[in-house]
Amino acid sequence: MLIGGLFLSVVNLIAQSPDMFTNGIELKSYRLELNQGKAVFTSPDSHGMAEIEINGEMQAVEFTQGIAPLPVSVDAKGTLLLLRSPQGKLSLHHVAQLKNGNHRLRHIPLWLSVLPPLVAILLALIFREVISSLFAGVWTGAFIAGGMRIESPYYFLMSFAEVVQKYVVAALNDSGHLSIIVFSMLIGGMVALVSRNGGMAGIVQSLSRLARSPRSAQFTTWLLGVAIFFDDYANTLIVGNTMRPVTDKFRISREKLSYLVDSTAAPVAAVAFITTWIGAQLGYIDSGIANIEGFGSGMTAYSIFLSALPYSFYAFFTLIFMLLIIYMRRDFGPMYQAELRARTTGEVSRQKSTVAGSHETEALQPAEGVVLKWYNAFIPVALVILITIFGLLDTGLQACWSALAEMGAAPATQGWGATWSSLGTLLSDEQAGFVLKLGKVIGSADSYTALLWASFAGAASALILTIRSKALNLGDSVHIMIVGFKTMLPALLILIMAWSLAAVTEQLHTASYLTEALRDSISPYLLPAIIFVLAAGISFSTGSSWSTMAILYPIAIPIAWAVGQSAGLEPGAANAILFNVIAVVLSASVLGDHCSPISDTTILSSLASDCPHIDHVRTQLPYALTVGAVSIAAGTAAALLGGGFGVCMLLLLVGAGLMYLILLRFGKVLPHE
């Protein structure tokens, strides 16, 4: 209540300030002002036709005796006008029609356009709850976009209603968004089925036979964490619960087990091609690139995601760092003390975990009496991967054939082989190699269609295998699928509110304001490091990597592009900075999630490993921060060196070498290995 009252007081003060709100703003010799109750452009010395940039488009206006009507329609709700002067100065105005036919004109300072994401961030930091914070951010934006009309409670309440009526419904009334929702739910249903029918436990049981020593037990845990790549929750709960007896046998501390479980779950899910994360990531990236002017490379969200993968240093370094720890048999800090206690005394846990049971753990356990068959999980997962690849190739080649047809160069038949052979014409390079052609095909593909095909095939095959193996009957199988759908609901709600926030910031031209304000004040080479620290801080404070991506992507992407353009970078270098920032938001969100004691995956890792939660956080924190520091250095170096796949691979090797030296210098060899 205190925060809400303070916010309304600030808005009221701004709205009544004559210094901030005027009836006109200079646009060279033109002014937007009220004339006899009507909003018009006026100019004392202009006659005839003139062009004024409104909402990013040049609009022709005709002056008669120094007055030109607005070239846009205005109703009672009003419309926003973003004007740009010939000198490049931006100004935002709200024009609404009154009951008497006159107009209400208000100049809205552009700095207010950053309030919606700022409110969402601050409330998430204070209350540690994401969905309501995003809702408040959208409401703030709706109120500002409505002209901040405080003369009547009606308009204030209408802005509240418009959060759902206008922005949430618009977010859902999008075929791409609906595809992401359906894909995520189907993957959630498939994960629940292959967990309940014993398929996933069967894979884990088969691989756990590899554990014959403390080192091989840790490596098997790491390997399972990488193998269950498609969902971080399933990864955490299945691997932690299944490997706990194995690691206990070899006197591996619960702290080390929870670290291995937690630090494979999100990094793998974040960078794998087919996961429960990919739909949300594509949605966030799509929202961000929609706010970029001049990004004409024709790349899809999926191809941008693939191009940004080499810059995801934190995710890759985390996986490498764990391998180095296992191979070198060294630990440092609180983790070394925990491992030393377990190896010398046999006490794998300092105390019994106080974390209570969880419905999620129960839902992902095999049903009672089920025979664990590894192929019940392997077949659905393999189908998802294979059909996604098939879908990307099929839709991409169809799109390429259509593009060739428009050029009049399409082959006589629309087959894969004929289209592939003609791609050189489309690329204006008859000698184009396999990689260049494949990049064009993937970039032209309809990734949403491919993901829908794949998720439906995976869920359907999991259902058939579950019934065929008599693990569950049809009714119970459908019920478990619905339980799987429900597990995706919190993430989908965050995603829907994030889309709504992106829509309101687009309406308020937040990206335009920020890019103009920051264009000349930040070096593009330092931008990845700045975004990394910001994303990690938000993720740590909120405990959610998804909410961090939702808040930052629509803003960070256009800023990265504008800063690169302002610095005069070549298109390739500007794209490299953009891809770097996209990967940085993702990687730093995972880092903050790893360090946060309120993160859901951190809590679930403690639960699944039966490790005291604070012990898990305390021992994992130094490792995560070490890898994070190396990742910041690598991201900055990639920006300075111009980026590219080769540079990123070199930096991965250098970073791995640096982490090896850190462990060699500060790590201590464990006994009884």
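Criterion first (surrounded by fewer than 24 Cβ atoms within 10 Å (Cβ to Cβ) and either in a helix (DSSP H, G or I) or at pLDDT 85 or above (or both)) does Asn575 satisfy it? When the stated conditions are applied, Asn575 passes them. The sole residue among Leu423, Leu397, Leu438 that is crowded, with 21+ Cβ neighbours inside 10 Å and free of Cβ contacts under 8 Å to residues at least 40 places away in the same chain is Leu423. Take the conditions (1) aliphatic (A, V, I, L, M); (2) touching a residue at least 12 places away in the same chain (Cβ under 8 Å); (3) more than 27 Å from Arg343 (Cα to Cα); Ile662 misses just one of them, which is (3).
Pick out the one residue from Val585, Val581, Val563 that is touching a Lys or Arg at 6+ places or on another chain (Cβ under 7 Å), without any contact (Cβ under 8 Å) to a residue 60 or more places away in the chain and assigned to a helix (DSSP H, G or I).
Only one candidate qualifies: Val563.
Screening Val204 on (1) modelled with pLDDT under 85; (2) buried (at least 24 other Cβ atoms within 10 Å of the Cβ) shows it passes everything except condition (2). On the given criteria, is Thr449 over 30 Å from Ala201 (Cβ atoms), out of contact with any Asp or Glu (no Cβ under 7 Å at 6 or more places or on another chain) and at pLDDT 80 or above? Yes, satisfied. Within segment 541-551, the set of residues being part of a helix (DSSP H, G or I) and either at pLDDT 80 or above or of a type in the set (S, T, N, Q) (or both) comprises Ser541, Thr542, Ser545, Ser547, Thr548, Met549.
The C-beta contact set for segment 193-217 (first residue farther than 18 Å from Ala462 by Cβ, second residue modelled with pLDDT under 75, distance under 6 angstrom, 6+ apart or interchain) comprises Pro214/Glu673. Given the conditions (1) under 28 Å from Ile662 (Cα atoms); (2) at pLDDT below 85, and given that Gly357 satisfies all but one, which numbered condition is not satisfied? Every condition holds for Gly357 apart from (1). Looking across segment 474-491 at every residue that is farther than 17 Å from Val194 by Cβ and modelled with pLDDT of 80 or more, the one that is surrounded by the most Cβ atoms within 10 Å (Cβ to Cβ) is identified as Leu489. Of note, Ala403 does not satisfy the criterion of being within 19 Å of Gly199 (Cα to Cα), at pLDDT below 85 and of a type outside the set (Phe, Trp, Tyr).
Restricting attention to segment 277-299, the residues that are modelled with pLDDT under 65 and surrounded by 24 or more Cβ atoms within 10 Å (Cβ to Cβ) add up to 0. With respect to (1) of a type in the set (A, V, I, L, M); (2) farther than 20 Å from Thr487 by Cβ; (3) within 25 Å of the chain's Cα centre (by Cα); (4) at pLDDT below 75, the lone exception for Val226 is condition (4). Taking the criterion of being within 14 Å of the chain's Cα centre (by Cα) and assigned to a loop (DSSP other than H, G, I, E, B), no residue of segment 588-618 qualifies.
Which residue is farthest from Leu452 (Cα to Cα), if the candidates are limited to segment 131-186 and must be assigned to a loop (DSSP other than H, G, I, E, B) and small (Gly, Ala, Ser)? It comes out as Ser152.
The values are calculated or read from the model by the stated rules, or taken from the named source; none is laboratory data. What you see is a predicted model; the values in this text were computed from it and never measured. We place every Cβ from the backbone using ideal geometry, glycine too, and count neighbours over all the protein chains shown.
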